[in-house]
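Q: My questions will all concern the structure given below.
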Amino acid sequence: MPFPLPPGTRPPALVTAPFRGPGLDRLRALCDPVTLDPWVDHVPLRILGPDRLAARLDETGARVLVVEADLVSGPVLERPLLAVG
């Protein structure tokens, strides 16, 4: 892992997919904080391209990313992510 976290640290997560229930509870148990910003909550609907998604990762400091419709490529994959779902 090229960008290790300090021991005992839970990585921050960015979720742009609609996400709730036991899955969200589990993610909150593993990550801190969890930033929820589902694409379906925006009017008009918002799907992020790679540059905008990378900027949101930088803004939140997220190391875990959960997406449904956003474009994960290029600059997103250059970030020190631990997981993409």
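Q: 7 Å from Cα along Cα→Cβ at both residue 20 and residue 47: what's the point-to-point distance in nm?
A: Result: 2.3 nm between the two label points.
Q: If the chain between residue 84 and residue 68 were fully stretched, how many nm would it gain, using 0.36 nm times the residue separation less the Cα-Cα distance?
A: Taking 0.36 nm per residue and subtracting the Cα distance, the gain is 4.7 nm.
Q: Calculate the spin-label point distance for residue 60 paired with residue 30, positioning each point 7 Å from the Cα along the beta-carbon direction, and give it in nanometres.
A: Reported label-point gap for residue 30 and residue 60 is 1.5 nm.
Q: Would you work out which of 6, 57, 85 lies farthest towards the positive end of the dipole of the chain? Charges go on Cβ: Lys and Arg +1, Asp and Glu -1.
A: The listed residue farthest towards the positive side: 6.
Q: For segment 1-72, calculate the relative contact order in percent as a whole number, restricting contacts to Cα pairs under 8 Å that are 6 or more residues apart.
A: Details: 98 pairs, mean separation 30.2, N = 72.
Relative contact order for segment 1-72 comes out at 42 percent.
Q: Out of the DSSP beta bridges found with both residues in the chain, what percent are antiparallel (nearest 5)?
A: Values: 0 of 8 bridges.
Of those bridges, close to 0 percent are antiparallel.
None of the figures in this text is laboratory data; all of them are computed from the coordinates on show. Computed from a predicted structure; not experimentally measured. In this analysis, Cβ positions are derived from the backbone assuming ideal geometry, glycine residues included, and neighbour counts consider all displayed protein chains.
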